[in-house]
Each structure stands twice: as C-alpha cells, then as structure tokens.
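Every read-out reported here was derived from the displayed coordinates using simple, explicitly stated rules and does not represent laboratory data. Predicted, not measured: the structure shown is a model, and the values here were computed from it. Because the Cβ atoms are built from the backbone with ideal geometry, glycine has one as well, and the counts that use them run over all protein chains shown.
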Amino acid sequence: MSLRFSVKYFIAVLITIFTGIGSRKLSFLPAETGDALYAVMIFFLLKTFFYAKRSSSIPLASFVICVLIELSQLIQTAWLNSIRSTKLGALILGNGFLWIDILAYAIGVLIALWISKRVLK
C-alpha cells in the first residue's frame, strides 16, 4: 500500500470543512449541501493520505464510508447518542437517518472527483 501525504488535498480538506461549517449559516442552501460537502471532505481526506492510489477506489471508499456513517444513525445506543450530543460528534456522526443524504453523498463524491481531476490534478 502506498501511503503518501498530499498537501494540496489536505488544504482542500480544510477548505471543505470551513465551507461546510459556513453553509450551515446560509438559510437559502438546502440542508443536504452539508452532506454533499461531507462526502467531498471524506474524498479529499482519503486522497490526502492515499494520493497514489488508483482513482476509482477513492470515490467508492468515500461513498461507502459516508453511507456506513449514515446507516449508523439508525443505531440508537446510549454511548453513541452521548457522542452525537456533542458538537463534534454531531458533525462527524450526524443525528438522524435520511435517505436523501445518501443521494447527497453520491453527488458530493462526484463533485470531489471532478475537482480532483480538473482542478487539483
């Protein structure tokens, strides 16, 4: 496994995080914008550390991670809910399962893939 750190993708992660947090303050954006940006961030995070990895595995892994986190919201245990009750826990794990979020993740991964191929290449 080739593990190589990419500064440009790490900067993209940081920009995406700040954009996602900022998007929560803009009422005219749909709530799913944050979910799409979450998928973009996961994609860029994986590309940060697995920069040399084949490009087809990163989008798939990003989407699977997002879907698994979304599905984890169906599990309501005391310890998970206590993590979700914190600001950071809610940002990472979310609070409630929504099918539309899975579509937002797919769109986010496609956007990240496009940015990766067209802008960050």
Let me see the pair-distance distribution of the range 16-64: every alpha carbon pair, 5 Å bin width, integer percents in order.
5, 22, 26, 17, 13, 10, 5, 1
What's the ranking of 63-71, 103-111, 89-97 by average number of surrounding C-beta atoms within 10 Å, highest first?
103-111, 63-71, 89-97
Okay, helix-only estimate at 222 nm for the chain: each DSSP H run of n ≥ 4 adds -39500 (n - 2.57), divide by all residues, round to 500 deg cm²/dmol; what do you get?
-22500 deg cm²/dmol
Mind checking Rg over Rh on the chain, alpha carbons, Kirkwood formula for Rh?
0.98
How about K25: which lysines have a C-alpha closer than 19 Å to its C-alpha, ignoring those fewer than 8 places off in the same chain?
K87
Could you pull out every one of the lysines with an alpha carbon less than 18 Å from that of K47, ignoring same-chain neighbours closer than 8 positions?
K8, K117, K121
